[in-house]
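As structure tokens, the structure follows; a few thoughts come after it.
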Amino acid sequence: MTDDPRRPPQRPGRKAAEPPAANGPPHVPGADIPPILAQDFDSGSMYALRAAVAAHVTQAGMPEPRARDVVLAVHELAANAIRHGAGRGRLLITAHDGALHCQVTDDGKPTAARTGTAAETKTTSPDDALWAGEEGHGLWVVHQIADQVSLQSGPGGTIATASFNLPSPGQQRPLPR
């Protein structure tokens, strides 16, 4: 409970969010909410990342067709973190304000081991032809399927967030038995 009638009561066991200091960082919506999924990833763990996202967002109430959109968006953001960042990243999915927020972060510039030219580092396999495509379409896809997208980049890395509205409780269909 709080002594200030203008502040909503807090659930037991949760700390009340402290207001930001006048010169401190701004409050990030959902920062105090436990994540639905928090997972590190790299190029060798993309399959596991997609599977975890599908399972967790469906469990959080996202209908199956829309859950596929979430998986696709997270895959594209994670692939960008791997390719253009340090070769790895972190996914954090939270649910607040009626939406799932999928935040992908990376640590910035590629490490020394990944600074060679494309010709020096590229390997080919029979499956490469199946995945051939032009670069630069991943973020476009994310913008098309997500309800909201935000990107913040700087020397310390990139934070990309794709948000997907959850259906209201009356719109959710029961899961088949």
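Of all residues in the range 151-166, which are under 10 Å from the mean Cα position of the chain (by Cα) and of a type in the set (A, V, I, L, M)?
159, 160, 162
Among the small types (Gly, Ala, Ser), touching a helix residue (DSSP H, G or I) at 6+ places or on another chain (Cβ under 8 Å), at pLDDT 95 or above and in a helix (DSSP H, G or I): does that describe residue 48? Lay out the reasoning, then the answer.
On the way: among the small types (Gly, Ala, Ser): yes; touching a helix residue (DSSP H, G or I) at 6+ places or on another chain (Cβ under 8 Å): no; at pLDDT 95 or above: yes; in a helix (DSSP H, G or I): yes.
Answer is no for this residue.
Exactly one of these conditions fails for residue 86: (1) touching a strand residue (DSSP E or B) at 6+ places or on another chain (Cβ under 9 Å); (2) surrounded by 16 or more Cβ atoms within 10 Å (Cβ to Cβ); (3) at pLDDT 95 or above. Give me its number.
It fails just one condition, (3).
Any idea which residue in the range 138-150 is nearest to the chain's Cα centre (by Cα), counting only those that are part of a strand (DSSP E or B) and either over 23 Å from residue 107 (Cβ atoms) or not polar (S, T, N, Q) (or both)?
Filtering first and then ranking leaves 149.
For the range 134-167, enumerate the residues that are touching a strand residue (DSSP E or B) at 6+ places or on another chain (Cβ under 9 Å) and not aliphatic (A, V, I, L, M).
143, 147, 148, 150, 152, 153, 157, 158, 161, 163, 164, 165
Would you confirm whether any residue within the range 89-97 is crowded, with 18+ Cβ neighbours inside 10 Å, not in a strand (DSSP E or B) and not charged (D, E, K, R)?
There is no residue in the range 89-97 that is crowded, with 18+ Cβ neighbours inside 10 Å, not in a strand (DSSP E or B) and not charged (D, E, K, R).
The values are calculated or read from the model by the stated rules, or taken from the named source; none is laboratory data. What you are looking at is a predicted structure, and each value in this text was computed from that prediction instead of being measured. Cβ atoms come from the backbone with ideal geometry, glycine included; neighbour counts cover every protein chain shown.
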